[in-house]
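Nothing in this text is a laboratory measurement; each read-out follows from the coordinates by a stated rule. Bear in mind the structure is a predicted one, so any value in this text is a computation, not a measurement. Cβ coordinates were reconstructed from backbone atoms using ideal geometry, including for glycine residues, and neighbour counts include every protein chain displayed.
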Amino acid sequence: VATGDPQLERLNALLRVAATDNTFHAPRLSGVQLAGWDDLRTLPLMTRDELRADQAQHPPFGTNHSYSLERYTQMHLTRGASGKRICVLETQEDAQRWTDRGRAVLAAAGVRASDRVSIVARGLGTRMASWSALEGAKALGALVVPLEGTDPLERIGAIRDYATTIVLCRPGDALQLAEVAEQQDLVGALDSVRALVCTGEPGASVPALRERIEAGWQARCFDYATLAEVGAFAIPCHEHGGMHLVEDDFVFEFLEPHSSEPLTGPGPAELVITGLARVGFPVIRYRTGDIVEVSQAPCPSGHPGSWLPAGILGRVDDTVVIRGRTVFPFAIEQALRACSEVVSFRIMLESDRAARDDVKVEAELADPLEGRSLAAALSERLGLRVRIVPLRPGTLTQVSDPSGAQIPRPSRPEVAEL
Ligand SMILES: [Zn+2]
């Protein structure tokens, strides 16, 4: 099919290879060619569970490889919540692409040849995110200081001893290291760090969490997105926070959460990705399980790629549906943190028909009369009936974590850990 659209022709070429040379995709894509982008929706969605099941059935590599095994030079592992690993095979050409992408991610965060880059790693060679960051940092001419092991004090010591300027880690690691440094009176050990580049779990673009990281480190915090099965697909926006989708090499779709239907209008959506560049291990309409909200306008600096101002908001598995609306607990948490009157809070996501509310929030308020206006503001923002139960300050704090939140931090066990 001649379409005149170079990206569509790339996808059709990939579909031809996948349908003929790839045992995983062949039965799903036999004879499929797209005449236009609307046809993409006719292809089957692909899930992590399908990859995992295929590799269990055809150990150890599964059947999602378009070439003979000799052509691959590297493999990455990703572990799911079940602990069952998935392996991803890369050719030399793929490895070069991820090196280039790692370099682009770090360059977008302002990393230069004079920097010393410390990578908090759980397996520097096996994990896609840490490996591509390592190669990208080297390609920029920076000095890489690996931080292996698990002891935060050892990591802080290495950052101090080697005068690290950039730290690559998960947002949870960034918070933990800053907290340990403060508790141990070692805040000065982090003085040389001027930026953190986070990935591996959602949150580093969500303003409330980013501000905590930036305050703890007295450094800037950037965010990017990598999945071992897909590659790095979003790079930091240096000026405005959040990330930009890499639209040269990927096709992005946005689905209604908990559905296979495309999102209509604005709002949170599950991100579905088709990779155009990697032929050796194709991902076609891959359900990431990540929830994003794409900006209707480009970022104010006009950088290329659709802008995700708050990055990845969380995982589909973490959302709940109330009265037909998808509610993301992190959005409620963020709205509460934005209210200076709230000291500490607990969110209950159960509908109480008798009380005519959808979400109940127990909040410690210096002035209990603030509860009414807070409930109105939250109800408007979330489109749900929010009831605030005002509590005296100190009521919740005894059992709360230092941040005051009573809901668990979003974790992201399915993605490529650093
Ligand atoms: Zn931008």
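Structure notes:
- Top-ranked residue in the range 240-272 [being within 16 Å of the ligand (Cβ to nearest atom) and in a loop (DSSP other than H, G, I, E, B); ranked as farthest from residue 310 (Cα to Cα)]: 248
- Within the range 216-231, the residues that satisfy the criterion of being within 16 Å of the ligand (Cβ to nearest atom) and either of a type in the set (A, V, I, L, M) or closer than 13 Å to residue 310 by Cα (or both) are 221, 222, 223, 224, 225.
- The set of residues in the range 273-311 being among the aromatic types (Phe, Trp, Tyr), within 16 Å of the ligand (Cβ to nearest atom) and assigned to a loop (DSSP other than H, G, I, E, B) is empty.
- Some residue of the range 127-140 being in a helix (DSSP H, G or I), touching a helix residue (DSSP H, G or I) at 6+ places or on another chain (Cβ under 6 Å) and over 17 Å from residue 225 (Cα atoms): yes
- Residues satisfying the stated conditions in the range 193-228, i.e. basic (Lys, Arg) and crowded, with 24+ Cβ neighbours inside 10 Å: 210
- Residue 212 vs. criteria of a type in the set (Lys, Arg) and touching a strand residue (DSSP E or B) at 6+ places or on another chain (Cβ under 7 Å): no
- Filter pass, residue 150 being out of contact with any Cys (no Cβ under 9 Å at 6 or more places or on another chain), more than 24 Å from residue 87 (Cβ to Cβ), hydroxyl-bearing (Ser, Thr, Tyr) and assigned to a loop (DSSP other than H, G, I, E, B): no
- Top-ranked residue of the range 86-115 - restricted to ones that are within 28 Å of residue 61 (Cβ to Cβ) and of a type in the set (A, V, I, L, M), ranked as nearest to the chain's Cα centre (by Cα): 105
- Test result for residue 204, within 24 Å of residue 333 (Cβ to Cβ), within 16 Å of the ligand (Cβ to nearest atom) and assigned to a loop (DSSP other than H, G, I, E, B): yes
- The set of residues in the range 30-48 being within 21 Å of residue 270 (Cβ to Cβ) and surrounded by 12 or more Cβ atoms within 10 Å (Cβ to Cβ) consists of 37, 39, 40, 41, 43, 44, 45, 46, 47, 48.
- Members of the range 313-341 that are surrounded by 13 or more Cβ atoms within 10 Å (Cβ to Cβ), among the hydrophobic types (A, V, I, L, M, F, W, C) and in a strand (DSSP E or B): 313, 320, 322, 327
- Of the residues examined, residue 362 is not one that is surrounded by 21 or more Cβ atoms within 10 Å (Cβ to Cβ), acidic (Asp, Glu) and either under 28 Å from the mean Cα position of the chain (by Cα) or assigned to a strand (DSSP E or B) (or both).
- Residue pairs meeting the criteria (Cβ under 6 Å; at least 6 apart or on separate chains; first surrounded by 14 or more Cβ atoms within 10 Å (Cβ to Cβ), in the range 139-157; second of a type in the set (D, E, K, R)): 139/103; 140/103; 142/115; 143/116; 145/116; 147/155
- Test for residue 344: is it farther than 30 Å from residue 52 by Cβ, surrounded by 22 or more Cβ atoms within 10 Å (Cβ to Cβ) and either away from the ligand (no atom under 16 Å from the Cβ) or over 20 Å from the mean Cα position of the chain (by Cα) (or both): yes
- Of the residues making up the range 158-178, those that are in a helix (DSSP H, G or I) and surrounded by 15 or more Cβ atoms within 10 Å (Cβ to Cβ) are 158, 159, 160, 171, 172, 173, 174, 175, 176, 177, 178.
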